[in-house]
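See structure below.
The values are calculated or read from the model by the stated rules, or taken from the named source; none is laboratory data. Quantities reported herein were computed from a predicted structural model and do not represent experimental measurements. Every residue, glycine as well, gets a Cβ built from its backbone with ideal geometry; the counts of neighbours run over all protein chains shown. Heavy atoms of the whole protein, side chains included, go into the accessibility calculation; ligands, DNA and RNA do not. Shrake-Rupley method; radii C 1.70, N 1.55, O 1.52, S 1.80 Å.
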Amino acid sequence: MKAGGDMKIAGKAVCVFVLFTIKVMSTVGNLEVSAMVGSTSVLTCTPRPNTTMIIWKMNPKVGGPCTLGYRADQHKIDRTNCSDSINWRSRPDWDPDLEIRQVGIAHEGNYTCEVVATEGNFHEMYHLTVLVPPRLTVRCDDDDGRPVCEAGAGRPAAQIWWVPESNSPPREEAHDNGTVTVLSKFAAYSTNVTNATCFMSHPVWNQSMDVGCPPPENMNLTWLYVSIILCFLSIIPFVAVMYYFKLHIDRLCHKTKTPETAPTDSPQEDTMEVEPYTIYVQKENVIYNSVSDLTAGQNLPQGLSPAT
């Protein structure tokens, strides 16, 4: 009895072990998959013999959960709360894979394929990550002239580093749509460095770009020299033109100027102007002479006139 009881216990243990093993093997853990935004992604679901039902359960970031189901005994397809971009890749009775067209950030989330067969239930789970390639730009900063490398609106955030090494850490700016912009301004340990190479790493691709910016002091001096030269170059033609016009205007004035002549008066006009005065003086002289003769004949003082 004891031996038989031990056999029964051992048999139950084996059955429990086998069932546990089947249960563990029937579930595949979360598989990390990624897809480029705008592309088409396919999530596989392993077909099983004697399948009775296939169900895709999806929990994307936006739009809420949705399900796609197929019943083999009825050849019936059920669709609940799924957008048109999510569908079977082909006929689910022989190809249960899921296809996502025009992948967007809203599609990111968890996807589970459940296959019900006579052997048991089988699950395959995926976590979909949507990749957005950032826009890489390099420029010289307007304020201090240092090289700047920017990876704009990427998902996930890009990694940026410099050669030679920069002592300034990059800055990140998150956007509402889930993308991140990374901005890195080069700051060398040595002030003599004028050229640098920006390296950007992202799951989509890796890129590197060279950027060279003159130091701010050199830049300011250069602009100062250029400004002075342009100023002189603009003044010299102006002075030359003014001098040229001045010479020609002076020559023109000398040629057209008439000699000054003293005004001539008519002798007749002078005689007419002097003659009345001459007549008046002559009359006065005659009167004066008459009085002088009279006073001289009467021996009177010249200041007294004879009584009339």
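Brief remarks on what is shown
- Count of residues meeting criterion [under 18 Å from Pro134 (Cα atoms) and either out of contact with any Gly (no Cβ under 8 Å at 6 or more places or on another chain) or in a strand (DSSP E or B) (or both)] in region 161-181: 13
- The set of residues from region 129-166 being farther than 19 Å from Gly104 by Cα and charged (D, E, K, R) comprises Arg139, Asp141, Asp142, Asp143, Asp144, Arg146, Glu150, Glu165.
- Among the conditions (1) closer than 30 Å to Pro134 by Cα; (2) in a loop (DSSP other than H, G, I, E, B), Ala106 misses just one, which is (2).
- Top-ranked residue of region 124-135 - restricted to ones that are in contact (Cβ under 8 Å) with a residue 60 or more places away in the chain and open to solvent by 30 Å² or more (accessible area, probe 1.4 Å), ranked as nearest to Met209 (Cα to Cα): Pro133
- Residue match in region 132-141 (condition: out of contact with any strand residue (DSSP E or B) (no Cβ under 9 Å at 6 or more places or on another chain) and assigned to a strand (DSSP E or B)): no
- Candidate set: region 89-111, residues that are in contact with a Phe, Trp or Tyr (Cβ under 8 Å, 6 or more places away or on another chain) and either open to solvent by 30 Å² or more (accessible area, probe 1.4 Å) or without any contact (Cβ under 8 Å) to a residue 40 or more places away in the chain (or both); chosen: the one farthest from Val62 (Cα to Cα): Asp93
- Of all residues in region 43-62, exactly one satisfies the criterion of being open to solvent by less than 60 Å² (accessible area, probe 1.4 Å), within 40 Å of the chain's Cα centre (by Cα) and either among the β-branched types (Val, Ile, Thr) or modelled with pLDDT under 95 (or both), namely Pro60.
- Within region 190-204, considering residues that are open to solvent by 60 Å² or more (accessible area, probe 1.4 Å) and at pLDDT 90 or above, the one nearest to Arg146 (Cα to Cα): Phe199
- Qualifying residue in region 72-90 (condition: under 20 Å from Val130 (Cα atoms) and among the basic types (Lys, Arg)): yes
- Scanning region 63-79 for residues that are open to solvent by 70 Å² or more (accessible area, probe 1.4 Å), in a strand (DSSP E or B) and charged (D, E, K, R) yields Arg71, Lys76, Arg79.
- Residue in region 167-178 that is at pLDDT 95 or above, among the aliphatic types (A, V, I, L, M), under 30 Å from Glu108 (Cα atoms) and surrounded by 12 or more Cβ atoms within 10 Å (Cβ to Cβ) present: no
- Gly145 being on the phi > 0 side of the Ramachandran plot, more than 17 Å from the chain's Cα centre (by Cα) and in a loop (DSSP other than H, G, I, E, B): no
- Against the criterion of being under 24 Å from Asn30 (Cβ atoms), in contact (Cβ under 8 Å) with a residue 12 or more places away in the chain, basic (Lys, Arg) and buried (at least 16 other Cβ atoms within 10 Å of the Cβ), Arg155 qualifies.
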